[in-house]
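Right, one structure below, let's go through it.
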Protein chains: 2
Amino acid sequence: MAAESPTAPDAQELLSGAALTSFRLNGRFLAVAEAMARPAGLTAARWQVLGAVLHEPLTVSGIARAMGMTRQAVQRTADLLVGQGLAEYRPNPAHSRAKLFAPTEEGLAAVRGIGPAHGEFAARLADAMGPEELARTVEAMRRLADAVESLEEPDAGQ
Amino acid sequence: MAAESPTAPDAQELLSGAALTSFRLNGRFLAVAEAMARPAGLTAARWQVLGAVLHEPLTVSGIARAMGMTRQAVQRTADLLVGQGLAEYRPNPAHSRAKLFAPTEEGLAAVRGIGPAHGEFAARLADAMGPEELARTVEAMRRLADAVESLEEPDAGQ
DNA sequence: GTCGAATTGACAACGTGTTGTCAATGGGGG
DNA sequence: CCCCCATTGACAACACGTTGTCAATTCGAC
């Protein structure tokens, strides 16, 4: 490998590499999550939405804001979970239209059922690349996401 | 579950954080790419596929292998690009069934048209977080993707 | 040379996220 | 008190990636 090559990678190639790597990483995590969720009768997206209300019920719009997604995407997934009997809408004393989304006992059991596989894969990943580097990588990705977010049009999304 | 040291998050939370951050980052890059590609009559996915054959024609299966996607996904995007007149299938002397996918002159012009916006955003991103940290982050993400890939079932995907 | 496995393209079904549009609800300014 | 407007839910259309299945083609073992 060349040391101090005079031709440093230009920003454009850096951005392309970051985006392509992000797409690839997303695909890998999605595949892993899908494989872990399937035995519990869930999908990656439904697991994610259900996981957002494990401790406290939230409105669909609130979940969307917390996850950085559109409320329509969360709405459809939430409706499917209710149809599956894994979650339910509860009346919201503060807003008659925006009901509170909460998991049912069956939904809680489904999420708990993923725990062992989740823990086992997490342990293997931490073993493969080291917990410290894993933590550092997540932190770096968070900074990158923040930077990209701050450069987008202010009214992007929603 | 005993109290954990605040500086030592368990592997399970680390994995969840990594996946959720990856999903968020993917969404941000996708939105940015979509916004840059739209004026050129492209989408993020079509830009990506077209970008894979800028220098040399490849078969659809070959592109899929190079991008880590299923060949069916690439096939549909490629067919759409051909229908748009931005690419074409050329006879493959080495394989009568697996034709060679190549951009048309119009397709090349479309990709070139994205260049300025791409370069401008890349410069702003490099300015926002520093080219060195950006490069380090991409490298860390690549290692994470490699690690996850190596832990998946050997026959996963395809 | 022939047969069987692997590769490849075609087609369909599904889950998901996005944008766009519309009506219902709720809060704040007049 | 009433009206404007942001928030919210509902519904539809679209792009995309995935899995599954099948037929055509290619290549290697025999």
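Derivation of every value follows stated rules applied to the coordinates shown; laboratory data play no part. Since this is a predicted model, take the numbers as computed values, not measurements. Please note: Cβ atoms are built from the backbone with ideal geometry, for glycine as well, and neighbour counts cover all protein chains shown.
Some points to look at:
- For the peptides A:124-133, A:73-82, the ranking by packing is A:73-82, A:124-133, with the highest mean count of neighbouring Cβ atoms within 10 Å listed first.
- Label geometry 7 Å along the beta-carbon vector: A:L151 inter-copy distances in nm: 3.0
- Largest GNM mean-square fluctuation among A:G17, A:G51, A:G107, using chain A with Cα springs under 10 Å: A:G17.
- Given charges at Cβ of Lys, Arg, Asp, Glu: region A:27-158 dipole, positive-most of A:L134, A:Q84, A:P103: A:Q84
- Averaged over the residues of A:43-52, the number of partner chain Cβ atoms lying within 10 Å of the residue Cβ comes to 1.
- Mean partner shielding of peptide A:126-138, defined as the number of other chain Cβ atoms within 10 Å of each residue Cβ, is 6.
- Size of electric dipole in region A:32-151: Cβ of Lys, Arg +1 and of Asp, Glu -1, about Cα centre, debye, nearest 20: 460
- Theoretical gain in end-to-end length, B:A123 to B:S150 [0.36 nm per residue, Cα-Cα removed]: 6.4 nm
- The amide H of A:A87, built 1.01 Å from its N in the peptide plane, has A:V82, A:T104 as neighbours under 5 Å, considering only residues 5 or more places off or on other chains.
- Listed residues A:L151, A:I114, B:V148: farthest to the positive end of the dipole of the protein assembly as shown (Cβ charges): A:I114
- Axis of helix A:105-129 versus longest Cα principal axis of chain A: the two differ by about 10°, to the nearest ten degrees.
- Database remark: amide H of B:L58 closer than 5 angstrom to the amide H of B:F101 (H placed geometrically; neighbours at sequence offset of 5 or more, or on other chains; Pro and chain starts carry no H).
- Distances, shortest first, from the label point of A:A98 to those at the same position in the other copies read 5.4 nm; the point lies 7 Å along Cα to C-beta.
- Shape category assigned to chain A from the gyration tensor of Cα positions, a/c cut at 1.5: oblate
- Degrees between helix A:131-151 axis and first principal axis of chain A (Cα, 0 to 90, nearest 10): 90
- Result for chain A in a Gaussian network model with C-alpha springs under 10 Å: among A:P57, A:P103, A:P116, the largest mean-square fluctuation is at A:P116.
- In terms of packing, defined here as the mean over residues of other Cβ atoms within 10 angstrom, the peptides A:63-72, A:26-35 line up highest first as A:26-35, A:63-72.
- For the protein assembly as shown, the Kirkwood estimate of the hydrodynamic radius, built from every pair of different alpha carbons, is 21.7 Å.
- Degrees separating the helix A:11-37 axis from the principal Cα axis of chain A, which is the longest one: 40
- Residue mean of other protein chain beta carbons inside 10 Å, A:30-41: 2
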